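Structure record follows, encoded as structure tokens.
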Amino acid sequence: DVKVTQSSRYLVKRTGEKVFLECVQDMDHENMFWYRQDPGLGLRLIYFSYDVKMKEKGDIPEGYSVSREKKERFSLILESASTNQTSMYLCASGQGAGANVLTFGAGSRLTVL
Amino acid sequence: DQQVKQNSPSLSVQEGRISILNCDYTNSMFDYFLWYKKYPAEGPTFLISISSIKDKNEDGRFTVFLNKSAKHLSLHIVPSQPGDSAVYFCAAAHNTDKLIFGTGTRLQVFP
């Protein structure tokens, strides 16, 4: 079974703190993605990566950065957390180029106070 | 601008009946469509997909219909079961580009 693991299920941070969300996949997938899910807005793509050390902006990259130093790991970084970044963050991975069936992690619910 | 829209935020269906979830898209270049199901506190899981060269794809109780001229797709679940209660997301992509998700529809199947 393909497994995507998000290490933190629930986080509570204060405004201005730096936040790291970690994601690891164990199926040697080339592509990894970070989405956020908000009520009424669905899943919105923040950043994605098609290879190690490569990153591409998604639809809402502002306030976020990412790191992909190893193929299996894709980290989402909030340099200075703000209350409007309170959300459910979902990591996904997939094989092949671009659009394909994605496997998602269980999500990380972040609350910024 | 929402390229993939699910206009019904929620749907309630009796067990054993048909559930029909709808999705509209605006980008005529989309050629690959998927449905995902999401339970609370879990990540979305892939359900079924269809490419633009087809107008129907079936997998057990789940059937997806694609109407390219109307830029509309629908997911039919027959018969609906209580375990189908979840949030359903449609997603679309052009060629090998990234997936664009809709806003989701919460399905509740009651006994």
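The values are calculated or read from the model by the stated rules, or taken from the named source; none is laboratory data. Remember, predicted model here, so these are calculated numbers, not experimental data. Reconstructed Cβ throughout: ideal geometry from the backbone, glycine too, with neighbour counts over all protein chains shown.
There is no residue in the stretch A:73-85 that is touching a residue at least 24 places away in the same chain (Cβ under 8 Å), outside any loop (DSSP other than H, G, I, E, B), within 22 Å of B:TYR88 (Cβ to Cβ) and among the aromatic types (Phe, Trp, Tyr). For the stretch B:59-111, taking the residues that are part of a strand (DSSP E or B) and of a type in the set (D, E, K, R), the one that is nearest to the other protein chains (Cβ to nearest Cβ) is identified as B:ARG106. Screening B:ALA70 with (1) within 23 Å of B:TYR39 (Cβ to Cβ); (2) at pLDDT 95 or above gives one miss only, at (1).
For A:ARG36, the conditions (1) facing another protein chain (nearest Cβ under 10 Å); (2) of a type in the set (Lys, Arg); (3) crowded, with 22+ Cβ neighbours inside 10 Å are fulfilled apart from (1).
Yes/no per residue for (1) modelled with pLDDT under 95; (2) within 14 Å of another protein chain (Cβ to nearest Cβ); (3) crowded, with 16+ Cβ neighbours inside 10 Å:
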residue: A:PHE48; (1), (2), (3): yes, yes, yes
residue: A:GLY58; (1), (2), (3): yes, yes, yes
residue: A:SER80; (1), (2), (3): no, no, no
residue: A:ASN84; (1), (2), (3): no, no, no
residue: A:CYS91; (1), (2), (3): no, yes, yes
residue: A:GLY94; (1), (2), (3): yes, yes, yes
residue: A:ALA97; (1), (2), (3): yes, yes, no
residue: A:LEU102; (1), (2), (3): yes, yes, yes
residue: A:THR111; (1), (2), (3): no, no, no
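Residue pairs whose Cβ atoms lie under 6 Å apart, sitting 6 or more positions apart in sequence or on different chains, and linking a residue in the stretch B:98-111 that is under 12 Å from B:SER85 (Cβ atoms) and modelled with pLDDT under 95 to a partner that is surrounded by fewer than 23 Cβ atoms within 10 Å (Cβ to Cβ) and of a type outside the set (Phe, Trp, Tyr), are B:PRO111/B:GLU15.
Every condition in (1) under 12 Å from B:GLY102 (Cβ atoms); (2) in contact with a Phe, Trp or Tyr (Cβ under 6 Å, 6 or more places away or on another chain) holds for B:ILE50 except the one numbered (1). Being of a type in the set (Lys, Arg) and under 13 Å from the mean Cα position of the chain (by Cα) is the filter here, so list the residues in the stretch B:73-111 that pass it. Once the filter is applied, which keeps residues that are of a type in the set (Lys, Arg) and under 13 Å from the mean Cα position of the chain (by Cα), the stretch B:73-111 yields only B:ARG106.
The number of residues in the stretch B:6-38 that are touching a residue at least 60 places away in the same chain (Cβ under 8 Å), surrounded by fewer than 16 Cβ atoms within 10 Å (Cβ to Cβ) and not hydroxyl-bearing (Ser, Thr, Tyr) comes to 8.
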